[in-house]
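Colleague: The following block contains the structure, expressed as structure tokens.
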Amino acid sequence: MGRTINDLYFLLSVQSVALGSWSLFKGIALGVGMTLLAALVPAIEATTASPRSALQRASLEAGTRAWLPTLAVLGVAAMLLAAVLIGLGGGLLPAFAGLFLIILGWALLVPGLLVGLIALLTPLLGRVTGATGRMAARGIRAGLSRTGMATASLAVAMSAVIGVAVMVDSFRHTFSIWLDATLQADVYISADGGLQPEQVQRLRSAAGVLDSSTGRNVDVPVDGRRTRLRVFDLPDHRSTGFRFLGATAEQAVQRFMAGEGVFVTEPWAWHHAVTTGDSIALATPLGERRLPVLGIVQDYSRSAGAVVAHRRLYDRDWDDPRVDSVAVHLHADTDGRDWIGQQQALAASDDGAPLVFRFNREIRRLSLAVFDQTFTITQVLRWLATLVALVGVTSALMALSLERQREHALLRAIGLLPSELWRLVSIQNVLLGACAAVLALPLGLVLAAVLTLVINQRSFGWTMALRLD
């Protein structure tokens with residue numbers, strides 16, 4: 001987390017780990033509370049069961065199978081309510097509530113779906129593995145009170161891994177496409193505190209330069225709130241570096257190049273409820289100016305967003321010749337490393353901060369490295385979810401084996417070899433895992449769609465293309 005903050009925002013040095021008493025209390029209360037809640041139903045069942053039925057496993061399994069239609073109805077109802085909450089729009093709370101209801105609803109459907117899957121697979125297992133396969137499949141159905149819960153636990157955990165993986169991959173793919181569209185120049189030059197005007201002129205007129213552009217970042221009040229203003233001096237034929245949301249007329253691009261309006265980035269438009277055609281109030285040294293929003297552009301560099309203006313507009317109202325960066329397009333026959341070496345030699349005698357030269361591919365590589373770092377924490381969470389599911393499934397299968405000791409003893413007594421018993425239990429467990437994997441895929445893809453298309457958009461204002469790898 002500290003590395004991510006250092007990469008994206010500001011330098012952070014963590015000196016110690018602080019354990020907040022409130023956080024510890026919430027963790028303990030949640031753990032103990034959920035344990036008591038989980039124990040409530042079997043405790044009530046144990047106190048109301050007759051002694052004879054308590055001795056018979058079959059009565060428990062019959063009760064479990066009788067609950068399947070009710071669980072299915074509750075599961076469908078939960079997912080329909082989730083669709084309503086997510087479709088209503090608004091903030092993050094309805095979206096997270098809908099996400100929880102989707103997981104809960106699917107978990108309630110898993111036992112019934114497991115019965116259906118086993119019924120379909122039993123004939124196939126019989127042909128492939130003989131009587132052992134049929135016995136394994138029927139054993140799963142016979143112990144549904146255990147196997148249904150274990151399958152639901154594993155399916156939910158696997159779906160979380162699938163959902164987060166698809167979300168991260170979708171975000172990375174979209175971010176990579178945006179980088180390719182944005183980093184069109186061959187070499188980018190910057191310096192701490194900005195470049196001097198003579199440095200800018202020398203770089204832009206240097207031998208081997210086909211054309212160039214400049215960039216400047218300032219913070220100004222927009223509609224009364226402090227906003228990052230990005231100023232670009234773009235050649236007329238380089239304006240296609242922007243990726244627009246929705247259709248943007250050629251006339252709007254021409255007006256932007258003439259300094260008659262601004263573009264806003266997608267996060268800024270989301271946070272300020274602004275769309276194409278609206279106007280915003282930009283505070284300048286010459287007074288407030290109302291400018292039309294000519295288009296909304298994709299941008300993943302700032303979660304707060306920014307307003308984008310052409311240098312012609314900036315120069316009309318600001319007496320600020322400074323430039324933060326220069327992007328140069330080199331001739332096809334110009335060697336980039338040689339060109340950088342020549343410019344570094346010329347800049348050695350300049351006053352001020354030294355110039356930093358970077359190729360576009362280097363910026364792209366560093367940007368993707370920072371992106372991957374920000375999602376390292378999700379890898380830890382995915383492993384934790386998998387570990388919790390593994391413990392739950394192992395516990396359920398061990399409990400099932402303990403309960404079937406008499407059954408296994410009877411099978412041994414009528415001639416089943418230890419190797420055949422091992423094969424029976426192994427086929428049963430592998431079948432259980434395979435069914436959980438099959439049932440995890442639909443839920444995982446739905447989770448990925450909600451995380452990618454809804455929750456990320458409402459959190460940061462970014463839209464991403466869903467990508468299934």
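The values are calculated or read from the model by the stated rules, or taken from the named source; none is laboratory data. For clarity, every value in this text was computed on a predicted model and none was experimentally measured. Reconstructed Cβ throughout: ideal geometry from the backbone, glycine too, with neighbour counts over all protein chains shown. For the accessible areas, the whole protein counts, side chains as well, though only heavy atoms, and no ligand, DNA or RNA atoms are used. Shrake-Rupley method; radii C 1.70, N 1.55, O 1.52, S 1.80 Å.
Colleague: Rolling a 1.4 angstrom probe over the protein chains, ignoring ligands and nucleic acids, what is the accessible area of I427 in square angstrom, nearest 10?
Modeller: Here the residue's solvent-accessible area equals roughly 30 Å².
Colleague: Sort the chain into rounded, prolate or oblate with this rule: let a ≥ b ≥ c be the square roots of the eigenvalues of the Cα gyration tensor; rounded if a/c is under 1.5, and if a/c is not under 1.5, prolate when a/b is larger than b/c, oblate otherwise.
Modeller: Prolate, since a/c reaches 1.5 and a/b exceeds b/c.
Colleague: Further question on the same structure: For the Cα atoms of the chain, what angle does the longest principal axis make with the long axis of helix 57-87, in degrees from 0 to 90, nearest 10?
Modeller: Helix 57-87 sits at roughly 20 degrees to that axis.
Colleague: Using only the heavy atoms of the protein chains and a 1.4 Å probe, how would E198, E288, E407, E61 rank by accessible area, largest first?
Modeller: E288, E198, E407, E61
Colleague: Still on this structure: On a 0 to 90 degree scale, rounded to 10, what angle separates helix 418-450 from the longest Cα axis of the chain?
Modeller: Once rounded, the angle reads 40 degrees.
Colleague: I would also like to ask the following. Students often check this: by mean Cβ neighbours within 10 Å, which of 31-43, 99-111 ranks highest, and how do the rest follow?
Modeller: 99-111, 31-43
Colleague: Follow-up. Convert 37 °C to kelvin, take the viscosity as 0.692 mPa s, use the Kirkwood radius over C-alpha pairs of region 242-292 as Rh, and evaluate the Stokes-Einstein diffusion coefficient in µm²/s, rounded to a whole number.
Modeller: In µm²/s, the coefficient rounds to 274.
Colleague: Now, a different point. Taking only the alpha carbons of region 389-446, what extent do you get along each of the three principal axes, in Å, biggest first?
Modeller: If we take the Cα atoms of region 389-446, the spans are 48, 18, 13 Å.
Colleague: Hey, what D do you get for region 104-185 in µm²/s if you plug the Kirkwood alpha-carbon radius into Stokes-Einstein at 25 °C and 0.890 mPa s? Spell out each step's value before the answer.
Modeller: Details: Rh = 15.7 Å.
Rounded to a whole number, D works out at 157 µm²/s.
Colleague: Now for a separate question. Grab the other residues whose beta carbon is less than 10 angstrom from that of R467, score K and R as +1, D and E as -1, and report the net.
Modeller: Once all neighbours under 10 Å are counted, the net charge is -1.
Colleague: Rounded to the nearest Å, what's the spacing between the alpha carbon centres of region 169-207 and region 345-375? Just the number, please.
Modeller: What the calculation gives is 9 Å, centre to centre.
Colleague: Quick one: if the Förster radius is 56 Å, what FRET efficiency do R423 and I363 give, using the C-beta to C-beta distance and rounding to 0.05?
Modeller: Computed FRET efficiency for R423 and I363: 0.50.
Colleague: Relative to the longest principal Cα axis of the chain, at what angle does helix 131-142 sit, 0 to 90 degrees, rounded to 10?
Modeller: 80
Colleague: Still on this model: Given a 1.4 angstrom probe, I'd like the percentage of the accessible area of the chain that is carbon and sulfur, rounded to a whole number.
Modeller: 64
Colleague: Per-residue accessible area for D7 at 1.4 Å probe radius, Å² rounded to 10?
Modeller: In the full protein context, D7 sits at about 60 Å².
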